[in-house]
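Report on one structure; see the data block that follows.
The values are calculated or read from the model by the stated rules, or taken from the named source; none is laboratory data. Since this is a predicted model, take the numbers as computed values, not measurements. So basically every Cβ, Gly included, is an ideal-geometry build from the backbone, and we count neighbours across all protein chains shown.
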Amino acid sequence: MLEYKGYTGRVEFDDEAMLFQGEVIGLRDVVTFQGTSVEELEEAFRDSVDDYLEFCAERGEEPDKQFSGRFVLRLPPQLHRDIYVRAQREGKSLNLWIVEALGDAAWGEAARHFERDLPGTSSSGYHVSGNWVTMSDAAVSSKKSGERAEDRSTGLSGS
């Protein structure tokens, strides 16, 4: 993965064309780049991000921003009940249980134990804002005292 100005590039090697092809991910727009060497690929990635930002500025449009941290999830009623019961058994809100499960799936359970000082995070690495809890970063701060994030609210219906 490549990182530049908050944007992430995913790269694949095309063995037929004998070049690296990449795409800036996490955007609604399609931004691609390519190169025959690592150095060329990195430069093309940076140029593509800069071109994208310049293009947005010329059109008076805001570039794609960070995700809001909220999305609607549809799941079978029995699964909803099962994860609610499991969250209750673990003493967590439904929202916190889901956030941890998705974080574990995306980054591995060990990611919750990396020590990071992230602005706006609680000691557990979850950002508490209003009545909901979201992951604030891919690698979250460690639980220095072994405590869990407080249950502020489920953010989802528990029934």
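In table form, for the structure just shown:
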read-out	value
Lone unmet requirement of (1) surrounded by 10 or more Cβ atoms within 10 Å (Cβ to Cβ); (2) assigned by TED's automatic domain parsing to the domain that holds Tyr7; (3) charged (D, E, K, R) for Arg86	(2)
Condition broken by Leu75, with the remaining ones in (1) closer than 29 Å to Asp29 by Cα; (2) modelled with pLDDT under 80; (3) not small (Gly, Ala, Ser) satisfied	(2)
Flag for Val128 being out of contact with any strand residue (DSSP E or B) (no Cβ under 6 Å at 6 or more places or on another chain), among the β-branched types (Val, Ile, Thr) and at pLDDT 50 or above	no
Within the range 14-33, tally of residues that are free of Cβ contacts under 8 Å to residues at least 24 places away in the same chain and exposed (fewer than 11 other Cβ atoms within 10 Å of the Cβ)	6
Enumeration of residues in the range 89-104 that are surrounded by 14 or more Cβ atoms within 10 Å (Cβ to Cβ), of a type outside the set (D, E, K, R) and not in a helix (DSSP H, G or I)	Ser93
Filtered residues of the range 21-59 (kept if within 15 Å of Val11 (Cα to Cα) and among the aromatic types (Phe, Trp, Tyr))	Phe33, Phe45
Selected residue (criterion: farthest from Gly26 (Cα to Cα)) from residues of the range 58-72 that are small (Gly, Ala, Ser) and loosely packed, with under 12 Cβ neighbours inside 10 Å	Gly60
